[in-house]
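All remarks here apply to the structure that follows.
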Amino acid sequence: MKPAAPPKTYRVKSFGCQMNVYDGERMAELLGERGIAPAPEGEEADLVILNTCHIREKAAEKVYSDIGRLVKAGNKAGKAPMIAVAGCVAQAEGEEIMARAPAVSIVVGPQAYHRLPEMLDMAANGERATDTDMPAIAKFDALPVRRKRGPSAFLTVQEGCDKFCTYCVVPYTRGAEISRPFAHLIAEAQKLVETGACEITLLGQNVNAWSGEDDKGRSVGLAGLIHALARIDGLERIRYTTSHPNDMDEALIAAHGDVPKLMPYLHLPVQSGNDRVLKAMNRQHTAEGYLRLLEKFRAVRPDIALSGDFIVGFPGETEAEFEDTLSIVDEVRYAHAFSFKYSPRPGTPAATMDGQIAPEVMDERLQRLQSRIGQHQFGFNQASVGKTCQVLVERKGKLPGQWLGKSPWLQSVWFEGDYAIGDLVDVTLGEAGPNSLMGLVRARLTA
Ligand code: SAH
Ligand code: SF4
Ligand code: F3S
């Protein structure tokens, strides 16, 4: 490869989960440290980072077509951008990407992106650079101090997964479960609050598996971390996602009753309402066990909004087994939920199981499930009408004087007035739609 000029501008495109978005932000910060600026809106960047996701099908194909598009646009403009592929597809298919896409200069996995600056130097010298090592925690120590500004921030506290659900690539792309140290997390949270965050969402593939030693040397779980974060002045709201039912402990359940800053929201995927399917998925819990767990949360926080993830059409799923999923949705009455068609992932046990389900059947099941989830979500929003709560202002609405923010239950709330992003506004929830509510402003609590 011929040497390329060192890039002056960058664009990071993140395609995955919130942790992937967090990684994208941190890569942008690294580039900022090196004096590389975000490309202005509408302008081609000198360096494009495709921060990929591998969770469902067509992820890799999408990467190749994005690369093709970038090369074509570059040829037209007479200047091809430097292309880096990051994220979980880079981790899973790095070698193949290097072989198939000569336009790619850098392949960097989710645990190795702290090495991006050196890799950029190599690329500028005309060498191609690949790093898909998984050195556990090294990445975080090597990253610059956070500079993100904004009212709501992500903070990755835990990475990786040891659960090996039979359909899932995450244990392969993100590696084993590791927890970042308590002191580092408190320091990063303090920095985020200093730079304007009043809400922090703690992230992990299994965030409730986080464990560590607090400032007094005691072993604590996620609840201990949440209690400590709640003592940070200026931090008003704490959330966490995503949890696994088997990593839930009594202390975390109790925290929902004891810590006012911990928002009344729980994302706890169950994937299926049928025990045979759950077993084949290697979820290691039953539908009944999951429901009992949710009851405990409702006991300490009766208004808690529940959210989940579902997969339809897992290999061998019968119509009756799918209906068990509809039943659990009715029983829980989710405030919100994500649902997906099963996607066979290369290298996972489920991909070669008998009884792969026809696409039409999956489409039909997904539609029925989504309409059921939608009904409950609308019902939850309708039941919220008349409640008074704080809304965190996140952005301007389409109309002048209109703002959009989030309720404690993570609903989108529209309202009017003279506000600024980051304000916490006291609002009475008015008219409810399927995806949002109108708020009537009562008082402005912070400036
Ligand atoms: N660690 C989290 C979430 C991981 S991925 C958890 O266990 O809950 C996010 C969601 O993607 C999963 O909850 C699952 O619903 C979905 N998912 C993962 N692999 C999938 C696959 N092969 N096909 C379809 N959906 C999948
Ligand atoms: Fe994937 Fe299961 Fe791990 Fe979640 S718990 S990341 S679904 S293997
Ligand atoms: Fe996707 Fe990797 Fe997240 S596969 S969902 S970006 S952990």
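The values are calculated or read from the model by the stated rules, or taken from the named source; none is laboratory data. Keep in mind it's a predicted model, so treat the numbers as computed, not measured. Note that each Cβ is placed from the backbone with ideal geometry, even for glycine, and that neighbours are counted across all protein chains shown. The protein model used for the area step is the full one, side chains on, heavy atoms only, and it has no ligands, DNA or RNA in it. Shrake-Rupley method; radii C 1.70, N 1.55, O 1.52, S 1.80 Å.
What the table shows:
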{"quantity": "Test: Cys161 is open to solvent by less than 20 Å² (accessible area, probe 1.4 Å), within 30 Å of Ile200 (Cα to Cα), touching a Pro at 6+ places or on another chain (Cβ under 7 Å) and not in a loop (DSSP other than H, G, I, E, B)", "calculated": "no"}
{"quantity": "Output for segment 100-115, where each listed residue is hydrophobic (A, V, I, L, M, F, W, C) and either at pLDDT 95 or above or in contact with a strand residue (DSSP E or B) (Cβ under 6 Å, 6 or more places away or on another chain) (or both)", "calculated": "Ala103, Val104, Ile106, Val107, Val108, Ala112"}
{"quantity": "Segment 111-125 residues that are closer than 16 Å to Gly94 by Cα, paired with ones that are part of a helix (DSSP H, G or I) (beta carbon under 6 Å, 6 or more apart)", "calculated": "Gln111/Lys139; Tyr113/Met27; Leu116/Leu30"}
{"quantity": "Hits in segment 308-325 (condition: open to solvent by 10 Å² or more (accessible area, probe 1.4 Å), of a type in the set (A, V, I, L, M, F, W, C) and either over 18 Å from Gly355 (Cβ atoms) or without any contact (Cβ under 8 Å) to a residue 60 or more places away in the chain (or both))", "calculated": "Ala320"}
{"quantity": "Where Asp354 falls short, out of the listed (1) of a type outside the set (S, T, N, Q); (2) open to solvent by 70 Å² or more (accessible area, probe 1.4 Å); (3) in a helix (DSSP H, G or I)", "calculated": "(3)"}
{"quantity": "Qualifying residue in segment 158-172 (condition: among the aliphatic types (A, V, I, L, M) and within 16 Å of ligand 3 (Cβ to nearest atom))", "calculated": "yes"}
{"quantity": "Selection status of Ala123, within 21 Å of Pro181 (Cα to Cα), crowded, with 20+ Cβ neighbours inside 10 Å and in contact with a strand residue (DSSP E or B) (Cβ under 8 Å, 6 or more places away or on another chain)", "calculated": "no"}
{"quantity": "Residue that is farthest from Pro110 (Cα to Cα) [pool: residues in segment 25-46 that are part of a helix (DSSP H, G or I) and touching a strand residue (DSSP E or B) at 6+ places or on another chain (Cβ under 7 Å)]", "calculated": "Leu31"}
{"quantity": "Enumeration of residues in segment 363-405 that are of a type in the set (D, E, K, R), touching a residue at least 40 places away in the same chain (Cβ under 8 Å) and open to solvent by 20 Å² or more (accessible area, probe 1.4 Å)", "calculated": "Arg368, Arg372, Lys387, Glu394"}
{"quantity": "Residues of segment 116-155 classified as among the small types (Gly, Ala, Ser) and either in contact with a Pro (Cβ under 8 Å, 6 or more places away or on another chain) or modelled with pLDDT under 90 (or both), total", "calculated": "6"}
{"quantity": "The listed residue being away from ligand 1 (no atom under 15 Å from the Cβ) and either in the same structural domain as Leu424 (by TED's automatic domain parsing) or in a strand (DSSP E or B) (or both), out of Ala153, Ala187, Ala123", "calculated": "Ala153"}
{"quantity": "Filtered residue count, segment 16-54, keeping only those that are without any contact (Cβ under 8 Å) to a residue 24 or more places away in the chain and within 29 Å of Glu177 (Cβ to Cβ)", "calculated": "1"}
{"quantity": "Any hit, segment 61-77, residues being in contact with a Phe, Trp or Tyr (Cβ under 7 Å, 6 or more places away or on another chain) and outside any strand (DSSP E or B)", "calculated": "no"}
{"quantity": "Sole residue being more than 16 Å from Arg149 (Cα to Cα), more than 15 Å from ligand 2 (Cβ to nearest atom) and either in contact with a Cys (Cβ under 6 Å, 6 or more places away or on another chain) or among the aliphatic types (A, V, I, L, M) (or both), chosen from Leu203, Leu192, Leu185", "calculated": "Leu185"}
{"quantity": "Unique match (being open to solvent by 40 Å² or more (accessible area, probe 1.4 Å), small (Gly, Ala, Ser), at pLDDT 95 or above and in contact with a strand residue (DSSP E or B) (Cβ under 8 Å, 6 or more places away or on another chain)) among Ala305, Ala255, Ala251, Ala299", "calculated": "Ala251"}
{"quantity": "Of all residues making up segment 161-182, the number that are more than 20 Å from Phe310 (Cβ to Cβ) and more than 10 Å from ligand 1 (Cβ to nearest atom)", "calculated": "11"}
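Residues are listed down the side, and each one gets a yes or a no for (1) of a type in the set (S, T, N, Q); (2) away from ligand 3 (no atom under 12 Å from the Cβ); (3) more than 22 Å from Leu116 (Cβ to Cβ); (4) within 20 Å of the chain's Cα centre (by Cα):
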site: Ile49; (1), (2), (3), (4): no, yes, no, yes
site: Thr52; (1), (2), (3), (4): yes, no, no, yes
site: Ala60; (1), (2), (3), (4): no, no, no, yes
site: Ser65; (1), (2), (3), (4): yes, yes, yes, no
site: Leu70; (1), (2), (3), (4): no, yes, no, no
site: Ala84; (1), (2), (3), (4): no, yes, no, no
site: Gly94; (1), (2), (3), (4): no, yes, no, no
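Results for (1) within 16 Å of ligand 2 (Cβ to nearest atom); (2) open to solvent by 20 Å² or more (accessible area, probe 1.4 Å); (3) not assigned by TED's automatic domain parsing to the domain that holds Val157, shown as yes or no for each residue.
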| residue | (1), (2), (3) |
| --- | --- |
| Thr242 | yes, yes, no |
| Pro245 | yes, no, no |
| Pro260 | no, yes, no |
| Leu268 | yes, no, no |
| Ser272 | yes, no, no |
| Leu278 | yes, no, no |
| Tyr290 | yes, no, no |
